[in-house]
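Structure first, commentary second.
Every number here is computed from the coordinates shown, using simple stated rules; none is lab data. Since this is a predicted model, take the numbers as computed values, not measurements. Methodologically, a virtual Cβ is constructed for each residue, glycine included, from the backbone with ideal geometry; neighbour enumeration extends over all protein chains shown.
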Amino acid sequence: MQWFGSGKAQSDSANLPYGARLRAAVRFDDLTFKLNADKFGFDWPESPQIIEAIGDIDLGEGNRLYRLYLTDDAFIQIATANGQPGDVNLFVYAESINPSNQADFERWCSGGAPAKYRVGNYEYERVWGEGPTTQRVPLEERVYKKNLTSYEYDLTLYTMLYSREVEGFDREEMLLVTGEDSGPNDYVVSQAVGIPLTTAEFEIT
């Protein structure tokens, strides 16, 4: 069984970025949130968090996204290029949208992403695409929960990225709006808000 497209089986202790592995603990530096709590559109996860699942998204040409799903409704997303880690982002789930049926979900996915999107008290501007609406980006994700040799389930994601400036903060806050299709009767629109992380702001042990 291939492990994250590597071509050979490996163990949970294999070289994922930053030592990530199932059931590892993640601790965050709370100072960033304490200094900006009233400016963010999400709540900073308490430490420690446990990595309860790992998602793998193959972007092609040696590029991948790994998602470390945490105890609370949050995940760390790590981008890699040819195995080398790049951008790291923390996302915390906001309230989900539940389409009434499969047809409504499909209409949402194909209807195009608007140029602006509001969650809670904040409005975000679309990062990808041009014009008043643009198609969401389809991605395929495999989610591993028991081990890293066989995935628990897979799903199709219809994703759009938004962002907004945060006053007095050196990074933009981001919003991922995603139609998650896990099967004929399993679909939801998730909204996840977060920020880029520096390597000093989290530790995996």
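Points worth noting:
- The charge dipole of the chain, taken about its Cα centre with unit charges on the Cβ atoms of Lys, Arg (+1), Asp and Glu (-1) only, comes to about 400 debye.
- Eigenvalues of the alpha-carbon gyration tensor of the chain, scaled by 5 and square-rooted, set the equivalent ellipsoid semi-axes at 26, 23, 15 angstrom, largest first.
- Value of [θ]222 nm, deg cm²/dmol, for the chain, DSSP H segments ≥ 4, -39500 (n - 2.57) each, nearest 500: -2000 deg cm²/dmol
- Taking only the Cα atoms of the range 47-147, the ratio Rg/Rh comes out at 0.99, with Rh defined as the Kirkwood radius.
- The range 103-169-the range 39-64 distance, computed between alpha-carbon centres (Å): 14 Å
- Along each principal axis, Cα extent of the range 115-205, largest first, Å: 44, 39, 22
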